Protein chains: 2
Amino acid sequence: MSEARSRKVLVIGAGPVGALTALSLHRRGWEVEIWESRDDPRGKDTAPSNLRSINLAISARGLEALRSVDPSLAEQFQNEAIPMKGRMIHHTDGKQESQLYDPINGQCINSIGRPLLNQRLVESLPDTIKLRFNTKLSRIDFDRKQAYGSSPEYKEADDIGTGFDLIIGADGSWSKVRTAMMRMESRIDFSQSFIPHAYIELHMPADPTKPGGYAIDKNHLHIWPRHSFMLIGLPNKDGSFTLTLFIPFASLATIKTRDAASAFFREHFPSAVEIVGEKKLLDDFENNPRGNLVTINCTPSVWSSHALLLGDASHSMVPFYGQGLNCGLEDVRVLNSVLEKHKITPTTSLKLGETDPSLELALKAYSVERQADLKAICELALQNYTEMRSHVLSPLHHLRRTLDSLLTRLIPSSSKLATSLHLSLNTDPFPTKRVKGWTSLYEMVTFRPDVPYSEALRKERWQRDVMAWTGYVSGLLALGGAGVVGLSLARKWFDRR
Amino acid sequence: MSEARSRKVLVIGAGPVGALTALSLHRRGWEVEIWESRDDPRGKDTAPSNLRSINLAISARGLEALRSVDPSLAEQFQNEAIPMKGRMIHHTDGKQESQLYDPINGQCINSIGRPLLNQRLVESLPDTIKLRFNTKLSRIDFDRKQAYGSSPEYKEADDIGTGFDLIIGADGSWSKVRTAMMRMESRIDFSQSFIPHAYIELHMPADPTKPGGYAIDKNHLHIWPRHSFMLIGLPNKDGSFTLTLFIPFASLATIKTRDAASAFFREHFPSAVEIVGEKKLLDDFENNPRGNLVTINCTPSVWSSHALLLGDASHSMVPFYGQGLNCGLEDVRVLNSVLEKHKITPTTSLKLGETDPSLELALKAYSVERQADLKAICELALQNYTEMRSHVLSPLHHLRRTLDSLLTRLIPSSSKLATSLHLSLNTDPFPTKRVKGWTSLYEMVTFRPDVPYSEALRKERWQRDVMAWTGYVSGLLALGGAGVVGLSLARKWFDRR
């Protein structure tokens, strides 16, 4: 056995998940290198642009994950983000209706621009982490644990090379690390599935006549639900809103001219036309790209002691639960606690290239632990699209929300914020295995990092069953009652003859 | 517009599906070329080998597809195959129990070796089809509609090249055509999913003391169901049986020594040990490879007017319904009738490389038509594993089979063999859109090529619902009856006081 040396991790991708992973393993004492194919974001302008600003809703899971690595990070983002306390439903007639996310405790989700979040996270990385921007991964030699890449200065595919103990793919939906992993191991379950809807970003500029520039309420996520399609809006710091239109490709194909687009917006989104101005709205609609919405799952997300996928690389979801980023950051927290639990030291006496059985075991445990949760949130994100664009308009939806609130007050749920604040101190990633009391699905997913996604899904189904059986039983009792009354009436009638 | 010329199809893969596709398009007047990475199978020995003989069960759908291209082909295979009229269940105590597939009409499935089937199909191809064996596809230039490949004589990746109007990937589960297609078009849904079970082929030699050499009944598919694992056996012409053991990888990992293997077989399959002999059985078990079982789905299975996937390339399924090959051959029949319906002529005046809008429309129609059916049969194949290794042992299974038979006699199903024999004359691939009467799922899937797989699944679910509701209603009636009796007794009791 050779001398002990620091473990070396190569993180591919310096997006929010990659950056947090790097920071967290650096804190654990690992040697860390990051390759990112894009430019260095530090010191760049991150003001919301016209084209692809992409707003994120950071909520309890994301914040808890940041806190688990560095409590000051969570605090910083909470200060820079705009809290949204509920959905503002915009009806076609212009009426607005607020639906609070947490009527009882007033918890919020937080709007933040992806570029800003990313910039701040990269800025938080210490100098001892080696950062390579504009560097594209070209191939991985898993036998020798070497990765090769190229950059504008080093143009050949193998010009840049480095060794690693572990390579982490935080390189997004079309991950190259995943492709390389799947070439090594045939028994990996993989799926990619598109929804038939496109997304198009539009922009609502700040209105200088309004306080803070906000033409519509600053502290809401705005939705114009229209059943088969919808428009949403998230606030930016400068008073503008980033709007996103979600619409089936098939419907989009019928809007062929600017006149048709004008008619479409005037019919379905008259209030948005009025605020943004028709010319600006139609310009954005015509010029901005049509994005795809895909669900991707890769199981297991680890291979040997060599490779691990985090964030979108192992699970891309549609954006309708606002959990994509939160879930990716949570991956880092769960990984951290699994490494802790398995007592993975920051040093190793193995040579670079050798398989590490204890690290392999820990990575497998991570994958098994996380699998059901990732599947659950991908499914929930798909379901929530129908909720946002259609169910929010239904009277049954209101009834259910009211009933949920009532039951939550009557049968309070077990651990609350108190637990979540202390999560980072606990090495069990999810101390609450069974949620007690009554609690809504939205609350568990969004505000309860102590509840795994799969448990939230299980609990929700159980609550639905309880509701359904209550319905059956009361129906039967009513029928039975009617039967008894009927029988006695019949008896009386017979007796009279 | 240039002069009319024959359409050119390049088929990748000369397995059963590729060969039938080539023959069928040749009959339609297309110019056909085939590339196959393996050796020419013609004139080779196709006797069942020790290692990977792979028996197939060809049934009505496969035969109907052969018939739709050339009626003599179907006849030929029916003569060469061994009919199996039911399952023979081998209990641990040695008792054998026959369960007929079609107790009413006595229809059979047919055991045939894959090599023999493949050889016969390739032999049926006329000389005017250009056949290239030992030729590996290296890349496809979709813009110019050119495919490139290499062979032992022409070793460079681009040494062999040819143009095409349409390239058909009949190149199996790990299709290269599919990979190339997915590189061109991002919005393709794709999934690969492994079951945690392995398969291992074993061999039961002919017994010279028995008639025809058959140690167990020749006209059955033999199953040794043991709940979490099973052994099956299909007859060969020479009196031998090809046995396949299906077992979880996790269980396999616990059988570490030859002694452990001996104990395993003696405990669970004593009758197989007795017939095959322990040494031979354990030799096969130790030496033969462990195979993976995967479900693959690719939707759509077409791209532009340029590429189409058939058979395992677009849908690989686990082997438990015996439909993998039958479904692949049926792809060819459905494609044929779609081309017929869309009046795709054998000639075109387009230049090689141009997109053909009418062919594109026809291919899209094929993909849409077939999509739900492929999904259904992949799901049914997965479900049938539990049926074969466990449900066949349950008394409820017997009850259900008896009930199904009874109901089928009472409420006869609509079209029967009569329809299926005339299917090939009909340009509508599935004339029966709704099956009437009562019929079992197995019958629809296996013996009714006029019933699409998705309709079989729908009908089965409907029949299950009818059964369940019958159960509920009789339960309620019984409860109601008990209630009335109870009430009148109570009344009498009160009256007496």
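Any residue in the range A:193-214 that is exposed (fewer than 14 other Cβ atoms within 10 Å of the Cβ), within 14 Å of chain B (Cβ to nearest Cβ) and closer than 23 Å to A:ASP312 by Cα? Checking the range A:193-214: at least one residue is exposed (fewer than 14 other Cβ atoms within 10 Å of the Cβ), within 14 Å of chain B (Cβ to nearest Cβ) and closer than 23 Å to A:ASP312 by Cα. Residues that are closer than 19 Å to B:GLY324 by Cα and either touching an Asp or Glu at 6+ places or on another chain (Cβ under 9 Å) or modelled with pLDDT under 95 (or both) within the range B:151-173 comprise B:ALA170, B:ASP171, B:GLY172, B:SER173, listed in sequence order. Just one of the listed residues (A:ILE104, A:ILE112) is modelled with pLDDT under 95, surrounded by 21 or more Cβ atoms within 10 Å (Cβ to Cβ) and either small (Gly, Ala, Ser) or within 30 Å of A:ASP404 (Cα to Cα) (or both), namely A:ILE112.
Kindly indicate the residue of the range B:449-458 that is in contact with a Leu (Cβ under 8 Å, 6 or more places away or on another chain) and part of a helix (DSSP H, G or I) and also farthest from the other protein chains (Cβ to nearest Cβ) among those meeting that condition. Can you show your working first?
Kept after step one, since they are in contact with a Leu (Cβ under 8 Å, 6 or more places away or on another chain), are these residues of the range B:449-458: B:449-450, B:453, B:456-457.
Then drop every residue that is not part of a helix (DSSP H, G or I), which leaves B:453, B:456-457.
On the way: B:TYR453: 20, B:ALA456: 24, B:LEU457: 20 Å.
Per the stated criteria, the residue is B:ALA456.
Scan the range B:169-195 for residues that are touching a helix residue (DSSP H, G or I) at 6+ places or on another chain (Cβ under 6 Å) and not charged (D, E, K, R) and jot them down. Hits for the range B:169-195 are B:GLY169, B:ALA170, B:GLY172, B:SER173, B:SER175, B:ILE188. Every condition in (1) part of a strand (DSSP E or B); (2) free of Cβ contacts under 8 Å to residues at least 24 places away in the same chain is met by A:LEU308 except one, and the failing one is (2). Which of the residues belonging to the range A:43-75 are part of a loop (DSSP other than H, G, I, E, B), farther than 16 Å from A:LEU20 by Cβ and modelled with pLDDT of 90 or more? Passing the criteria: none in range.
Do we have any residue at all in the range A:125-145 that's small (Gly, Ala, Ser), assigned to a loop (DSSP other than H, G, I, E, B), on the phi < 0 side of the Ramachandran plot and surrounded by fewer than 19 Cβ atoms within 10 Å (Cβ to Cβ)?
Initially, the range A:125-145 is screened for residues small (Gly, Ala, Ser), giving A:138.
From the residues that got through so far, the ones that are assigned to a loop (DSSP other than H, G, I, E, B) too are none.
Among the residues of the range A:125-145, not one is small (Gly, Ala, Ser), assigned to a loop (DSSP other than H, G, I, E, B), on the phi < 0 side of the Ramachandran plot and surrounded by fewer than 19 Cβ atoms within 10 Å (Cβ to Cβ), which makes the answer no.
Each residue in the range B:270-313 was checked for being among the small types (Gly, Ala, Ser) and within 30 Å of B:LYS351 (Cα to Cα), and 6 pass. In the range A:353-400, which residue that is more than 20 Å from A:ARG61 (Cα to Cα) and in contact with a Leu (Cβ under 8 Å, 6 or more places away or on another chain) is modelled with the lowest pLDDT? Applying the filter and picking the extreme gives A:ASP356. Whenever a residue of the range B:474-492 is within 15 Å of A:GLY483 (Cα to Cα) and facing another protein chain (nearest Cβ under 9 Å), it has no partner that is polar (S, T, N, Q) and part of a helix (DSSP H, G or I) lying with C-beta atoms less than 6 angstrom away and at least six residues away or across chains.
Against the numbered list (1) assigned to a helix (DSSP H, G or I); (2) crowded, with 22+ Cβ neighbours inside 10 Å, A:GLN78 comes up short only at (2).
Of the residues in the range A:13-36, none is assigned by TED's automatic domain parsing to the domain that holds A:THR162, assigned to a loop (DSSP other than H, G, I, E, B) and farther than 29 Å from A:LEU166 by Cβ.
The listed residues are B:PHE249, B:PHE265, B:PHE190, and the only one of them that is surrounded by 14 or more Cβ atoms within 10 Å (Cβ to Cβ), within 14 Å of another protein chain (Cβ to nearest Cβ) and either closer than 21 Å to B:GLU80 by Cα or without any contact (Cβ under 8 Å) to a residue 60 or more places away in the chain (or both) turns out to be B:PHE249.
Determine whether B:ALA170 is more than 29 Å from the chain's Cα centre (by Cα) and hydrophobic (A, V, I, L, M, F, W, C). If you could, list the steps in order and put the result at the bottom.
Details: more than 29 Å from the chain's Cα centre (by Cα): no; hydrophobic (A, V, I, L, M, F, W, C): yes.
The answer is no for B:ALA170.
Looking at the range B:160-270, the helices (runs of 4 or more DSSP H) lying wholly inside it that each contain 2 or more residues that are over 30 Å from B:GLU33 (Cα atoms) and basic (Lys, Arg) sit at B:258-268.
The sole residue among A:VAL318, A:VAL334 that is under 30 Å from A:ARG7 (Cβ atoms), in contact (Cβ under 8 Å) with a residue 12 or more places away in the chain and assigned by TED's automatic domain parsing to the domain that holds A:GLY163 is A:VAL334. If you go through the range A:141-155 and keep only what is over 14 Å from A:SER305 (Cα atoms) and in contact (Cβ under 8 Å) with a residue 40 or more places away in the chain, you end up with A:ALA147, A:GLY149.
The rows are residues; the columns are (1) within 30 Å of B:GLU267 (Cβ to Cβ); (2) aliphatic (A, V, I, L, M).
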{"residue": "B:VAL11", "(1), (2)": "no, yes"}
{"residue": "B:GLU33", "(1), (2)": "no, no"}
{"residue": "B:ASP39", "(1), (2)": "no, no"}
{"residue": "B:ARG42", "(1), (2)": "no, no"}
{"residue": "B:ALA57", "(1), (2)": "yes, yes"}
{"residue": "B:ALA60", "(1), (2)": "no, yes"}
{"residue": "B:VAL69", "(1), (2)": "no, yes"}
{"residue": "B:ILE82", "(1), (2)": "no, yes"}
{"residue": "B:THR92", "(1), (2)": "yes, no"}
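In this structure, does B:GLU379 turn out to be of a type in the set (D, E, K, R), closer than 30 Å to B:PHE269 by Cα and part of a helix (DSSP H, G or I)? Against the criterion (of a type in the set (D, E, K, R), closer than 30 Å to B:PHE269 by Cα and part of a helix (DSSP H, G or I)), B:GLU379 qualifies.
The residue that is surrounded by the most Cβ atoms within 10 Å (Cβ to Cβ), counting only those in the range A:311-323 that are part of a helix (DSSP H, G or I) and either at negative phi or in contact with a Lys or Arg (Cβ under 9 Å, 6 or more places away or on another chain) (or both), is A:ALA313.
The values are calculated or read from the model by the stated rules, or taken from the named source; none is laboratory data. Computed from a predicted structure; not experimentally measured. Cβ atoms come from the backbone with ideal geometry, glycine included; neighbour counts cover every protein chain shown.
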